[in-house]
Amino acid sequence: MSPAECSPSPANSLPAVATVPAGDPWRSHTVRIEGIVEEIPGVQTYDLRFLDQEVAGRYRFLPGQFNMLHLPGIGEAAISISSDPANPQQLAHTVRAVGNVTDALARLHPGDTLMLRGPFGRPWPVAESTGRDLVLVAGGLGLASQRAAIRELARRRAEYASVTVVHGAKEPSGLLYTHEYREWKAAGVVVRTIVDGLPQGTATTENAAGDAAMWDGRVGLVTDLVNELTMLSDRTTLLCCGPDPMMTAVAHAALRHDVPAEQVFVSLERNMACAVRHCGLCQFGPVFVCQDGPVFSFAAIEPYLSIPHL
Ligand SMILES: Cc1cc2nc3c(=O)[nH]c(=O)nc-3n(C[C@H](O)[C@H](O)[C@H](O)COP(=O)(O)OP(=O)(O)OC[C@H]3O[C@@H](n4cnc5c(N)ncnc54)[C@H](O)[C@@H]3O)c2cc1C
């Protein structure tokens with residue numbers, strides 16, 4: 001996809017990108033589940049393929065964009081694309097079963113089909129950040145929205161000064177994609193992990209993949225790790241995804257390192273329905289998260305994040 005630059009939203013310095021498959025953003029396409037990986041309890045990655053080869057051939061996405069997964073008769077849910085953008089025909093979505101659509105998705109099996117439309121939204125500024133130190137900070141399932149960026153950065157590692165992933169989870173068994181850390185590290189990506197705590201009565205624990213070695217052994221908050229990083233104000237770009245209070249805390253930690261707010265990016269999660277700026281469900285102050293975001297610079301979005309219950 002060649003990102004079609006539209007005029008930036010007043011509340012976002014990031015360019016809008018064309019929705020692909022080009023044409024009708026309302027039109028869903030059938031995808032088949034090729035495989036399902038249980039990442040951690042209750043969270044599965046669905047490996048999807050378009051049935052229509054013509055659609056498959058023109059589908060492209062950028063890291064941080066999302067698709068609307070549609071289960072006919074049940075509903076649609078916005079889900080980040082968690083696979084490598086270099087291979088857009090092999091789409092992965094990592095989903096926590098929390099409600100109507102995601103619970104129904106969890107009942108499907110390889111070979112079953114569902115519908116998908118997208119991609120939607122502004123991506124992480126990966127292409128714009130070559131030569132810089134990139135710090136990706138993810139709380140819990142927030143790492144799903146960054147995995148496509150991590151895969152791209154690992155592939156193009158030489159184009160960036162450094163790439164650091166900081167991932168926090170409630171407990172070691174909640175750390176996501178641990179089976180990929182070795183590959184990321186081998187590509188030159190620094191991976192740091194931290195957990196809020198251990199399950200009661202455990203001195204140490206193993207994650208779902210049985211790979212406790214992927215947890216650094218640190219207990220605390222992601223901000224503890226962010227505070228320890230050396231962040232040069234003139235060349236650091238920080239990308240953060242997680243609950244709003246966590247993103248605000250991480251952004252402020254970066255600002256204390258004198259990283260400009262324009263170089264701190266957060267991905268907002270808001271309930272949404274149409275994904276094309278019509279229904280208003282995801283309106284957040286003056287912006288629509290579906291198209292003005294979900295990725296915003298902290299400079300643009302901070303005034304609204306600080307308004308309680310907005
Ligand atoms: C841009 C974007 C990317 C997302 N990426 C992912 C992803 O990669 N993986 C993933 O598992 N989920 C992701 N989500 C969240 C997902 O869209 C919601 O969890 C979705 O509503 C679930 O649909 P459902 O029908 O299963 O649940 P529902 O029946 O709609 O709701 C279940 C519960 O979750 C709450 N809820 C619903 N929507 C949201 C929301 N958007 N944010 C917070 N709480 C909500 C409801 O109030 C309810 O309590 C993303 C959301 C956005 C906006």
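All of the numbers you see were taken from the coordinates with simple rules; none came from a lab. A quick note: this is a predicted structure, and the numbers were derived from the prediction, not measured. Counting neighbours? That spans all protein chains shown, and the Cβs are built from the backbone with ideal geometry, glycine included.
The reciprocal of the average 1/r between distinct C-alpha atoms defines the Kirkwood hydrodynamic radius, which for region 257-310 equals 11.6 Å.
With only the Cα atoms considered, region 29-120 has a convex hull volume of 85 Å³ per residue.
Which of the peptides 227-240, 160-173 is most tightly packed, and how do the rest follow, judged by the mean count of other Cβ atoms within 10 Å per residue? Provide the component values of the computation, followed by the final result.
Numbers: 227-240: 18.1, 160-173: 21.6.
In decreasing order of mean packing, 227-240, 160-173 become 160-173, 227-240.
For the chain, a simple Cβ point-charge model (Lys and Arg +1, Asp and Glu -1, everything else neutral) yields a dipole of about 380 debye relative to the Cα centre. All C-alpha pair distances within the chain, sorted into 20 Å bins from zero, spread as 34, 61, 5 percent across the bins. Of all beta bridges that DSSP places with both ends in the chain, some 55 percent have antiparallel geometry. Magnitude of the charge dipole for region 127-305, about its Cα centre and with charges confined to Cβ atoms of Lys, Arg (+1) and Asp, Glu (-1), is about 320 debye.
Explain nothing, just the number: dipole magnitude of region 29-120 about its Cα centre with +1 on each Lys and Arg Cβ and -1 on each Asp and Glu Cβ, in debye rounded to the nearest 20. Please list the in-between numbers first.
Values: 7 positive and 10 negative charges, 40 e Å.
It comes to approximately 200 debye.
Taking the chain as a Gaussian network of alpha-carbon nodes connected by springs under 10 Å, the highest mean-square fluctuation of the residues ILE33, ILE194, ILE81 belongs to ILE33.
Classify region 207-309 as rounded, prolate or oblate from the Cα gyration tensor: take a ≥ b ≥ c as the square roots of its eigenvalues, call it rounded if a/c is under 1.5, otherwise prolate when a/b beats b/c and oblate if not.
Working: a/c = 2.43, a/b = 1.41, b/c = 1.72.
Oblate shape, in that a/c is at least 1.5 and b/c is the bigger or equal ratio.
Loop-located trypsin sites (Lys or Arg not before Pro) across region 48-107 with a Cβ neighbour count of 10 or fewer within 10 Å are ARG107, with loop assigned by DSSP.
Note: region 127-305, Cα convex hull, 122 Å³ per residue.
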